[in-house]
Amino acid sequence: MVADLAGDGSNWGQPGDVERRIAQRTRAMVIGPYPAQPRRRRADAAAETSRAPEARIEEAAGLAAAIELDVRASTIVPLNEIRPATYLGKGKVAEFAAIVKEGDVALVVMDCALSPVQQRNLEKALGAKVIDRTGLILEIFGRRARTREGALQVELAHLAYQRSRLVRSWTHLERQRGGFGFLGGPGETQIETDRRLIQDRMVRIERELEGVKRTRALHRKSRRAVPFPVVALVGYTNAGKSTLFNRLTQAHVVAEDILFATLDPTLRALPLPHGGKAIISDTVGFISDLPTMLVSAFRATLEEVVEASAILHVRDIVREDSEAQSADVLAILDQLGIDADDADRVIEVWNKIDLLEGDARVVVRNAPRRRQGKKRLAVVSARTGEGMAELLGAIEEVLAIGHSLFDVAVAPSDGAGLHWLYENAAVLDRHTGEDGAVQLTVRVAPDRLDRLHRRFPGAIAMGRPARKRIGRRV
């Protein structure tokens, strides 16, 4: 079935189109082999962040659907122990082999991490191609990457994953992208991989990404030269980050109801309520068990988050496993060295309130009032625009921490001075007197105070810089 489309690779057109056609004709089965756990009391705090097997298998099926595989079945397998040879017990392997044969299933997705030996043994026993969760996520990233940088990062992660395995296809190298190496192509029958070629390719990619990292560092340095702080969006995949990004900036980035709709980062100007501006960055979504190699490969991109002045942690508050998703995001932020409890930098954004009704909606809508003094919280609907004013106010409040307020008088003839203030400070209020003089209330960052005093020695301080608060976990 796959060979009819892949052939010898001589008639491959646009990679994305071919991949889509291959995926749509590939029958897949998703298996969730999850450790069986005894029932926990409701008072057990750990239960609050545990993910139910039903939610996990739904997410795994969603990952497969994200690359348009023809998912024919998904099933949960409670495990008392993991078998070293096949991960599953012999009885279950035999049961699934019959299902695969009867349903003409070409691809089995195991929602777990398989060793190379387990993967090979399962493929022999089931008579179908087998990939694990890491392999599936890598394929999705390969499909979603649009920029050269994104493609390089995905390929690097893909090579690191395949280096310890018998690579069946070199299509991700021949096309120089990470997508759909498992679905067939020119190297389908190749069993042994030349690890030296993989290592050489990885070295070349790492060298190119170092150049990308230097370029990004230069861009960040140039942005620091102007008073535009960076606001970064983070969150679990499909939490609504791109929809929120579009709502805040009036942009039109891809915002689909699929996992990992956004991979390559996007930067746009963000107008603030009092006339100032910030730069907002939409980043790749996080997910549970995100492969370590992907976190490492995308570190150059995620540095936008590390150095951001404000971080919006977007949550899909409607999902039953929202707390578990939040815990996964916080774990990745911790890997990046970001303190998620920093109330002077992180704003938790509860999204999709438009999908709640009745008492549930009232409880969520009033949550910010009940949590004063803790981590900052905003409740919004990125789809309808509800709560945007409160969110923008919270962003501006965070960005104002450490800044000082001044009352500045600008002579009618000092157009250059007026321009300087708009370029180097946030203008909060403006009033023109009868004599034509302009009276401004401005907010100035600490690193620009000396320049303000030199340019306007008569500027009058209106208040002390906002003091840092000590945040606590919600």
Quiz item: Of 420, 449, 438, which is farthest on the positive side of the dipole of the range 404-463, counting Cα position, with +1 on Lys and Arg Cβ, -1 on Asp and Glu Cβ, and the Cα centre as origin?
Solution: 449
Exercise. Name the residues whose placed amide hydrogens come within less than 5 Å of the amide hydrogen of residue 77, ignoring near sequence neighbours (fewer than 5 apart) on the same chain.
Key: 32, 34
Exercise. Return the percentage of antiparallel bridges among DSSP beta bridges fully within the range 226-399, rounded to the nearest 5 %.
Key: 25 percent
Exercise. Please name whichever of 128, 100, 118 sits farthest to the positive end of the charge dipole of the range 51-134, dipole taken about the Cα centre and charges placed at Cβ: Lys and Arg +1, Asp and Glu -1.
Key: 118
Exercise. Distance check, please: which entries in 92/352; 129/213; 213/277; 277/352; 124/213; 101/352 exceed 31 angstrom between their Cα atoms?
Key: 92/352; 129/213; 124/213; 101/352
Quiz item: Given H placed on each backbone N at 1.01 Å, which residues far from residue 376 in sequence or on other chains put an amide H within less than 5 Å of it?
Solution: 348
Quiz item: In debye to the nearest 20, how big a dipole does the range 226-399 give about its Cα centre with +1 on each Lys and Arg Cβ and -1 on each Asp and Glu Cβ?
Solution: 520 debye
Self-check item: Per-pair calculated FRET efficiency, R0 = 35 Å: residue 384 and residue 339 via Cβ, rounded to 0.05
Solution: 0.65
Quiz item: Points 7 angstrom from Cα along the Cβ direction at residue 268 and residue 85: gap in nanometres?
Solution: 5.6 nm
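Quick note: the coordinates plus some simple rules give every number you see, no bench work behind them. Note that the structure is predicted; figures quoted are calculated from it, not measured. Glycine also receives a Cβ, built like all others from the backbone with ideal geometry; neighbour counts cover every protein chain displayed.
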